[in-house]
Amino acid sequence: MSWISKKFRNFAGARTKKFSRKNLYEFISSSASSLTGSDVECLNIGSGGEIEAILRSYDLRLTSIDLDANRRPDIVMDACDLKFKDEAFDAVLMFEVLEHIPTPHLAAAEIHRVLKPGGYVYLSTPFVFGIHDAPHDYFRYTKFGLQFLFQDFDDLKILERNSYLESVLVIMLRLGMAAEKSSRRMGVFFAVLSVVFAPLLFLAQLLVHSDYATSGYTMVARKKD
């Protein structure tokens, strides 16, 4: 791949993140800031990358787990079989991980078990989004699916991360990271259009208020006392 091609592909990737992860990093930061304190024990499911870097920038008592040792977790561990005692944590954090778990109901049950009564789970997961980290990309969740999966929790607050139109744009932009050269070119083309027609997109979003599609959801839920 030429230097110019790499530049364009990076440009398309940056535009994709701008729309697909809109409000995500803010949610992660606000979640982390609410958990600072010497006596707040936090479990992070899924280690490494930008997300853990954000979490580590806060003064958290954080234990990170992951099945992949290459991601350098504190402990190599399966989210569906947590080797912790009951009610060990005040909060569980799981950002952009749930879709990669083949038995999510077991993970939800384990999160519930290791949380103290009144403890919180903070979660994010994609919805309208391309396959990633293949072949370990198993599910997409609607807000109703999240409500069902975490039905043993109280006070569920589930929010769309971005708008209907932005989620449609994300799918087109992700072509810029495809393996096929023709698809990558189309992704770059859409990335350029997203800049040129940004004012038009802004105006269109004022008219389209549907919540039937979004790139992903954020969720906060509390374990019953």
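The values are calculated or read from the model by the stated rules, or taken from the named source; none is laboratory data. Model, not experiment: these values are computed from the prediction. So basically every Cβ, Gly included, is an ideal-geometry build from the backbone, and we count neighbours across all protein chains shown.
Details
- Pair list, Cβ < 8 Å and 6+ apart or interchain, from the range 136-157 residues that are farther than 13 Å from His112 by Cβ to residues that are among the acidic types (Asp, Glu) and in a helix (DSSP H, G or I): Asp137/Glu99; Tyr138/Glu99; Phe139/Glu99; Arg140/Glu99; Tyr141/Glu99
- Qualifying positions in the range 168-197 - among the basic types (Lys, Arg) and within 25 Å of the chain's Cα centre (by Cα): Arg174, Arg184
- Selected residue (criterion: surrounded by the most Cβ atoms within 10 Å (Cβ to Cβ)) from residues of the range 193-208 that are touching a residue at least 12 places away in the same chain (Cβ under 8 Å) and part of a helix (DSSP H, G or I): Ser194
- Conditions (1) in contact with a helix residue (DSSP H, G or I) (Cβ under 8 Å, 6 or more places away or on another chain); (2) closer than 16 Å to Phe129 by Cα; (3) surrounded by 11 or more Cβ atoms within 10 Å (Cβ to Cβ); number of the one not met by Asp211: (3)
- In the range 113-127, residue surrounded by the fewest Cβ atoms within 10 Å (Cβ to Cβ) [restricted to those that are touching a Ser or Thr at 6+ places or on another chain (Cβ under 9 Å) and of a type outside the set (Gly, Ala, Ser)]: Phe127
- Of all the criteria given as (1) out of contact with any strand residue (DSSP E or B) (no Cβ under 9 Å at 6 or more places or on another chain); (2) outside any loop (DSSP other than H, G, I, E, B); (3) in contact (Cβ under 8 Å) with a residue 12 or more places away in the chain; (4) of a type outside the set (Lys, Arg), the one not satisfied by Ser183 is (3).
- Only a single item in (1) in contact with an Asp or Glu (Cβ under 8 Å, 6 or more places away or on another chain); (2) under 18 Å from Arg21 (Cα atoms) is not met by Tyr138, and it is number (2).
- Any hit, the range 6-18, residues being among the polar types (S, T, N, Q), more than 27 Å from Gly187 (Cα to Cα) and either surrounded by 19 or more Cβ atoms within 10 Å (Cβ to Cβ) or modelled with pLDDT of 95 or more (or both): no
- Residue within the range 39-50 that is in a helix (DSSP H, G or I), among the small types (Gly, Ala, Ser) and at positive phi present: yes
- Residues that are surrounded by 14 or more Cβ atoms within 10 Å (Cβ to Cβ) and outside any strand (DSSP E or B) within the range 214-225 comprise Thr214, Ser215, listed in sequence order.
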